[in-house]
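Reading through the structure tokens given below for one structure.
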Amino acid sequence: MKSIFSFFFFLSAFNLALSAQEPLTLEKAISIGLENNFGLKIADKNIQIAENNNTWARAGKGPTLDLNGNFSNNLVNDNNPASFLQGTYYSGSLGASLDGNWVLYSGGRIQVAKDQLDLSVRQQQLLRSQEVHNLLREITQNYAEVLFQMERRGFLYEVFDLSKGRLSFEMVKREFGQSNAYNILQFEDAVLTDSINLLNQVNQIEIAKRNLYQTLDVSGFPNYTFSESLQNTQEELDVEKLQSLLDEENYTLKTLQVLAQLDQLNTAMQQSNRRPTLSLNGSVGASANAFKFFADDPNTGDPFKTLLSNRLNGALGLNFNWNLYDGNLNKQNVAAAKLQEEATQLSQLEAKAELYNQLEILLENYNHQVYVLTLTEAQIKNAKKNIEISEERFKASQITSLDYRAAQNQYLNVANNRVNAVYTLLITKSEIDWLVGTFED
């Protein structure tokens, strides 16, 4: 009996600790998750990278200028009899040039390249939206898991409280000689069994909370309470509306649409390779040169002087290029790109068919759970009434303690079936919302 009273004290302390905690609603959990999620922070950086790269310069539009410089020194000792200069001499130069190039016509490649960069930004934005969408499903389901485990603790505690009350009643009866050790032992065993079930359920709640906190990317084990309960919200789902939402919002289809656009741009890029290019190029430069011959002038007998010179130069020209024949390689590339477009279109049709099938399965499961929940609501009423009747009959000694325990177990099973049905209904609805691509409220 000492262990039983210790368990009573544990439950009282546990409930007292819960009262000092901060409430956590689903809306607040979603807000925390969106703020802390590392995947979203990485996605934001990827968007910034794509936006940074999305420039006309990266696409190839606009002129380029290069400043080049050179400085050279040469010392030569030439003993070749056939050489014009025999002996030791020095030559050096210092120069700089400014070279420019501007593609005036690229056959459309620059515009296609810019469209690809634009699409890259949209692709990263889509990936972030998909990350948010997946996170909403995970938070919603993990939050529902916590409420589900707490609901189970609720009716387990209710059964435990019934067992505790029956034990106290039976001990009072024994004082008046109306009970025996066998009945006391049966109810003590029932209380111990219910205590173990409650302890295990408390552990399941803590595991569910930790899974939720991990999804929210919060460290430690915060002091949150969950005052909400699983809501029995049965809806009439509009199949045509859901299919329409799926066509417009499903992220698998959106991703395939982006891939289809990329394939179209790749085809346009291959086709542009068959067109000519025209570019303007020019340069301006200046250089200074020095020459020194280490010998004496045979005419004067004086050493040769250092010769200095400089040069200015400029150039401007057009460069035209048109590949007329490459062994049909470019033609093959265009054909391959068009085939890839067709393959992606077929993938879209295949994905849409599979998604429609998944939606139909989820809708069937949802309607099935609605029907199951309706039946369990009726069962729970009968089970509660059975408990009340069994308690009165037990007090009147018309049934045994084992019969009363059987009524308790029946109520426990029915209550478990009901909360399972509510939980499954919520999870199925969240899967439908996730599949069509939008969460309602």
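Each value in this text was obtained by applying a stated rule to the coordinates, not by laboratory testing. This one's a predicted model, so the numbers in the text were calculated from it and none came from an experiment. Cβ placement follows ideal geometry from the backbone for every residue including glycine, while neighbour counts extend to all protein chains displayed.
Shape class for the range 64-117: prolate, because the ratio a/c of the largest to smallest gyration tensor axis (alpha-carbon atoms, square roots of eigenvalues) is 1.5 or more and a/b beats b/c.
Taking ASN134, ASN211, ASN68 in turn, the Gaussian network model of the chain (Cα-Cα springs below 10 Å) assigns the largest fluctuation to ASN68. Among LYS338, LYS209, LYS385, a tally of other beta-carbon atoms within 10 Å of each Cβ gives an order, fewest to most, of LYS385, LYS338, LYS209. A straight Cα-to-Cα reach below 19 Å connects LYS114 with the lysines LYS61, residues fewer than 8 places away in its own chain not being considered. Within straight-line reach of LYS292, meaning a Cα separation under 18 Å, sit the following lysines at least 8 residues removed in sequence or on another chain: LYS305. Remark: for residue pairs LYS28/LYS385; LYS241/LYS381; LYS41/LYS254; LYS173/LYS384; LYS28/LYS164, the C-alpha separation exceeds 30 Å in LYS28/LYS385; LYS241/LYS381; LYS28/LYS164. Under the combined filter of DSSP loop state and at most 16 neighbouring Cβ atoms within 10 Å, the range 263-299 retains these chymotrypsin sites (Phe, Trp or Tyr not before Pro): PHE294. Rounded to the nearest Å, what's the spacing between the alpha carbon centres of the range 154-190 and the range 306-363? Just the number, please. So the separation of the two Cα centres works out to 80 Å.
Around ALA415, with a cut-off of 12 angstrom between Cβ atoms, what is the net charge of the other residues, counting Lys and Arg +1 and Asp and Glu -1? For residues surrounding ALA415, the net value is +2.
Determine the relative contact order of the range 145-229: mean sequence separation of Cα pairs under 8 Å and six or more apart, normalised by residue count, in whole percent.
44
A straight line joining the Cα centroids of the range 110-131 and the range 406-440 runs 40 Å. Span-like helix check, the chain: qualifying full DSSP H segments, with Cα axial length of 27 Å or more and mean Kyte-Doolittle of -1.0 or more, are 109-175, 181-216, 251-272, 329-395, 401-436.
Of the chymotrypsin sites (Phe, Trp or Tyr not before Pro) found in the range 35-104, those in coil by DSSP whose Cβ has at most 14 other Cβ atoms within 10 Å are PHE84. In the chain, helical runs assigned H by DSSP with n ≥ 4 each contribute -39500 (n - 2.57); averaged across all residues and rounded to the nearest 500, the mean residue ellipticity at 222 nm is -23500 deg cm²/dmol.
Once each of the GluC sites (Glu not before Pro) sitting in a DSSP loop with at most 16 other beta-carbon atoms within 10 Å is removed, the chain keeps 1-227 as its longest stretch.
Of the candidates VAL419, VAL76, VAL146, which one comes out as most mobile in a Gaussian network treatment of the chain with C-alpha springs shorter than 10 Å? Greatest mean-square fluctuation among the candidates belongs to VAL76.
Among (1) 0.97; (2) 1.10; (3) 1.35, only one was calculated for this model; which label is it, if the read-out is Rg/Rh (Cα atoms, Kirkwood Rh)? Computed from these coordinates, Rg/Rh (Cα atoms, Kirkwood Rh) corresponds to label (3).
Considering only TYR411, GLN130, SER97, the residue lying farthest towards the positive end of the dipole of the chain is SER97, judged by Cα position with unit charges set on Cβ.
For the residues ALA190, ALA295, ALA286, a GNM of the chain with alpha-carbon springs under 10 Å puts the largest fluctuation on ALA295. With a simple spin-label model that places each label point 7 Å from the Cα along the Cα-to-Cβ direction, the separation between ALA378 and GLN204 comes to 2.7 nm.
Across the chain, the relative contact order, built from alpha-carbon pairs under 8 Å that are at least six residues apart, equals 22 percent.
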